[in-house]
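Read the structure below first, then the notes.
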């Protein structure tokens with residue numbers, strides 16, 4: 001966890017994600033569907049805003065995983081970000097508690113999934129990918145499930161298999 005000193009929405013939790021990863025985008029869309037309170041704000045990795053939020057990390061560290069930044073500026077990355085994110089979602093407290101009890105296992109599971117994300121992406125039907133892209137585009141434009149980063153919507157519809 002790393003405090004980040006940058007201006008932000010006082011209620012938004014920022015999710016920094018790989019917009020070129022099809023499985024990542026599909027997974028993010030599933031989370032947005034659960035985010036009925038609209039607390040998640042999306043920012044694609046590699047944008048100026050993402051680089052500013054992750055300035056203390058090397059470019060390789062930024063790209064190595066997804067990141068979650070709290071309204072107070074605390075950052076979690078990779079498997080460690082799972083529990084805080086789940087706590088934001090309806091019904092997520094119990095699964096978050098389980099992840100908290102096994103942080104090394106959570107990190108290993110995250111790494112395994114991340115290392116096989118191209119395989120998982122190929123298993124997602126084209127219609128599911130299109131729905132995921134549409135949900136992310138709506139969230140990025142501020143009309144549902146989050147507020148806009150203004151820079152990531154350009155990839156909607158270009159669901160990569162990575």
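The values are calculated or read from the model by the stated rules, or taken from the named source; none is laboratory data. Just so it is clear, the structure is predicted and the values come from calculations on it, not from any experiment. Counting neighbours? That spans all protein chains shown, and the Cβs are built from the backbone with ideal geometry, glycine included.
Can you pull out the residues in region 75-100 that are under 15 Å from the mean Cα position of the chain (by Cα) and farther than 21 Å from residue 36 by Cβ?
Hits for region 75-100 are 75, 76, 77, 78, 79, 80.
In a helix (DSSP H, G or I), more than 14 Å from the chain's Cα centre (by Cα) and either modelled with pLDDT under 95 or surrounded by fewer than 18 Cβ atoms within 10 Å (Cβ to Cβ) (or both): which single residue out of 119, 106 fits that description?
Going through 119, 106 in turn, just one is in a helix (DSSP H, G or I), more than 14 Å from the chain's Cα centre (by Cα) and either modelled with pLDDT under 95 or surrounded by fewer than 18 Cβ atoms within 10 Å (Cβ to Cβ) (or both): 119.
What is the one condition in (1) surrounded by fewer than 17 Cβ atoms within 10 Å (Cβ to Cβ); (2) under 22 Å from residue 131 (Cβ atoms); (3) touching a helix residue (DSSP H, G or I) at 6+ places or on another chain (Cβ under 6 Å) that residue 37 does not satisfy?
The single condition residue 37 does not satisfy is (3).
Which ones in region 86-132 are touching a helix residue (DSSP H, G or I) at 6+ places or on another chain (Cβ under 8 Å) and closer than 19 Å to residue 61 by Cβ?
Hits for region 86-132 are 103, 106, 107, 108, 110, 111, 113, 114, 117.
Of (1) within 18 Å of residue 135 (Cα to Cα); (2) assigned to a strand (DSSP E or B); (3) in contact (Cβ under 8 Å) with a residue 60 or more places away in the chain, residue 23 satisfies all except one. Which?
So residue 23 meets the others, but not (2).
For the structure I just gave you, tell me whether residue 139 is modelled with pLDDT under 95, crowded, with 18+ Cβ neighbours inside 10 Å and under 13 Å from residue 15 (Cα atoms).
Values: modelled with pLDDT under 95: yes; crowded, with 18+ Cβ neighbours inside 10 Å: yes; under 13 Å from residue 15 (Cα atoms): yes.
Yes.
Here are some residues: 80, 96, 139. Which one is farther than 15 Å from residue 27 by Cβ, assigned to a helix (DSSP H, G or I) and touching a residue at least 60 places away in the same chain (Cβ under 8 Å)?
Unique residue meeting the criteria: 80.
Yes or no, residue by residue, for (1) surrounded by 21 or more Cβ atoms within 10 Å (Cβ to Cβ); (2) touching a strand residue (DSSP E or B) at 6+ places or on another chain (Cβ under 9 Å); (3) not in a loop (DSSP other than H, G, I, E, B):
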| residue | (1), (2), (3) |
| --- | --- |
| 42 | yes, yes, yes |
| 46 | no, no, no |
| 49 | no, yes, yes |
| 52 | no, no, yes |
| 55 | no, no, no |
| 75 | yes, yes, yes |
| 84 | no, yes, yes |
| 91 | no, no, no |
